[in-house]
Amino acid sequence: MRNRRHVIIFGPLPPPYGGIASIVELLKRGNFDDVSISVVETTLQSSGSLGRIFAGFRMLARVTTAMLQYRPAGALCFAGAFRSFWEKTTWAAIGRLFGVRTAVVMVDGNFPRFEKSLTAFSRGMLSRRLARFYVVGVQSQGWLEYFRGLAPDGRYSIVAGGVDTDIFSPAAVKSGAAVVRILYVGWMIEDKGIYELIAAAGKLLAQGQRFQLKLIGPLFDQGPRLRQAIAAHKLEDAVEIVGTISHRGGLIEEYQAADLFVLPSYAEGFPNSILEAMSVGLPVIATNVGGVPEIVQDGVTGILVPPRDSDALTAAMKTLMDDETARQAMGMAARSRILSHHTLGHSIATYRRIFQLLTERMGNEQLNDRVVGKEKCVE
C-alpha cells in the first residue's frame, strides 16, 4: 500500500561536503511535520564511457527498486544541466509509472548554456519535460523568471538556500596574522574562475601585497595545470592547494581562520560555499552570475565583479586586503544577512512546502497556481 506521507530524496550524501550533498544532509536531518523522508544515495563510481553507461543502468535499477520498496507519495531529485537533466526526467517518468509525484530542484548555473546549445526540437522537448515534473524548485527569483520563460506551464516553488548557523559561525577568538588570509572553496576547474584567481593573485604579489591564498576542493585532472599556473606567477610561497576536506569540522576551521572569501565562477546556481563563508562572517568577492547577486549585496556584504575579468578581481581583492575595517564591517553584515534570510529554518520551510505538494490531495485551484507558496518562498 502506498505511504501517502512518505517522500524519497534521491541525492548524494557527504562526505565530501558539496552543494547538493549539503542540501541532502540538511533535509535528512530536517523536521517535516508528519512527512517521513528516506534518502537514496545516488553516488556511483564510474570511469570511461562504458563505465558511465553501466552506472546509468545501475542508477535506473536503484530508482525503480526504491519506488517498489517504499511505495512513496512523492520523490525529490536535483538536476544539473546537460546529461543530468535528461537523466532526472527519466527518473520522473519511472515515478509516474508507479503513481509517484516527482519534484526536481534545478541547481546548475550552466543551464542557460545547455539550453542555448540545443536544437529547436530539443528545446521544445526540454520545455515539455520541465512542465511534466509535479513541482520544479528554483533557487532564486532570477532563476524563477528564467525557468518560467522556458516552460510557462510548469509549477514552480522557490527553495531557500540554508546553512547551519550554529556550526558555521565566526571564531570565538580569531588569531592574528601578518598577512591577509584568502580562501577559495569549490571545484578546481576552469569554469569556477580558478585561473583568473591565480592571475589576480600574481598581480597582487607583483604590487607588493602580502597574503596567503588557500584553495580547497577536488582537483580532478587540473593538478598539473594549476601548479604550473602557480609557478608561472611565482606564487609557490603564497598559494596552498589544500584539496578536498572530507570532514566538516576541518572545513569550518578553514573558514574561521580566513579573512576573505573569493569565488570567481563563470556560472553559478546558488552556491552553498558563499552561504557558509558569509555565515562564518567573511566578506565575499564573487562574480555577478546566476543567483549570486541575490546572496551577496554589492558594497554591503562583499564585492561583485564580472566573470572572466582578472583585472576587476584584482582590484576588488586589493580594496578589501587594504581595508581591514571594511572587511570586518562586511563580514558582520554577511553574518546578519544569513541569519535573516538563509538559516536552516528558512530552507526547511521552503522544502516543507514542496513535500506538502507531493503528499497532499489538493483542490484544482491550488494545483493550477503556477508559483506555489510564493509568499513563503520569495524574499
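The values are calculated or read from the model by the stated rules, or taken from the named source; none is laboratory data. Keep in mind that what you see is a predicted model, and the values were worked out from it rather than measured. Every residue, glycine as well, gets a Cβ built from its backbone with ideal geometry; the counts of neighbours run over all protein chains shown. Quick note on the areas: whole protein, heavy atoms, side chains included, nothing else; ligands and nucleic acids left out. Shrake-Rupley method; radii C 1.70, N 1.55, O 1.52, S 1.80 Å.
A few remarks follow.
- Screening segment 12-32 for residues that are among the small types (Gly, Ala, Ser) and at pLDDT below 85 and picking the one that is farthest from Ala93 (Cα to Cα) gives Gly18.
- Test: residue in segment 208-216 that is of a type in the set (S, T, N, Q), open to solvent by 20 Å² or more (accessible area, probe 1.4 Å) and within 15 Å of Glu254 (Cα to Cα): yes
- Test: Glu253 is surrounded by 23 or more Cβ atoms within 10 Å (Cβ to Cβ) and among the charged types (D, E, K, R): no
- When residues of segment 33-61 are limited to those that are modelled with pLDDT under 90 and not in a helix (DSSP H, G or I), the one nearest to Ile94 (Cα to Cα): Thr42
- Counting only helices (runs of 4 or more DSSP H) that sit wholly inside segment 282-365, those with at least 2 residues that are closer than 30 Å to Tyr134 by Cβ are 344-359.
- Residue match in segment 324-343 (condition: touching a Lys or Arg at 6+ places or on another chain (Cβ under 9 Å) and surrounded by 18 or more Cβ atoms within 10 Å (Cβ to Cβ)): no
- Pairing residues of segment 148-176 that are touching a residue at least 24 places away in the same chain (Cβ under 8 Å) and over 20 Å from Arg352 (Cβ atoms) with residues that are assigned to a loop (DSSP other than H, G, I, E, B) and open to solvent by 20 Å² or more (accessible area, probe 1.4 Å), at Cβ distances under 8 Å and at least 6 apart in sequence or on separate chains, gives Arg148/Arg370; Pro152/Arg370; Asp153/Arg370; Gly154/Arg370; Ser169/Gly281; Pro170/Gly281.
- Residues satisfying the stated conditions in segment 71-82, i.e. farther than 30 Å from Leu118 by Cα and surrounded by fewer than 19 Cβ atoms within 10 Å (Cβ to Cβ): Arg71
- Residue pairs meeting the criteria (Cβ under 7 Å; at least 6 apart or on separate chains; first touching a residue at least 12 places away in the same chain (Cβ under 8 Å), in segment 331-344; second buried (at least 16 other Cβ atoms within 10 Å of the Cβ) and among the acidic types (Asp, Glu)): Leu344/Asp164
- Odd one out for Phe85, checked against (1) open to solvent by less than 10 Å² (accessible area, probe 1.4 Å); (2) part of a loop (DSSP other than H, G, I, E, B): (2)
- Applying the set (1) assigned to a strand (DSSP E or B); (2) under 24 Å from Gly186 (Cα atoms); (3) open to solvent by 10 Å² or more (accessible area, probe 1.4 Å) to Lys28 leaves exactly one unmet item: (1).
- Comparison of Ile274, Ile198 shows that the only residue that is under 30 Å from Val159 (Cβ atoms), open to solvent by less than 10 Å² (accessible area, probe 1.4 Å) and part of a helix (DSSP H, G or I) is Ile274.
- Ser310 vs. criteria open to solvent by 50 Å² or more (accessible area, probe 1.4 Å), of a type outside the set (A, V, I, L, M), out of contact with any Pro (no Cβ under 6 Å at 6 or more places or on another chain) and modelled with pLDDT of 95 or more: no
- Candidate set from segment 277-302 (those that are of a type outside the set (A, V, I, L, M) and under 11 Å from Phe168 (Cβ atoms)); member that is surrounded by the fewest Cβ atoms within 10 Å (Cβ to Cβ): Gly281
- Taking each residue of segment 202-229 that is closer than 16 Å to Ser265 by Cβ and looking for partners that are open to solvent by less than 70 Å² (accessible area, probe 1.4 Å) and charged (D, E, K, R) with beta-carbon atoms closer than 7 Å, six or more apart or interchain, yields Ile216/Glu254.
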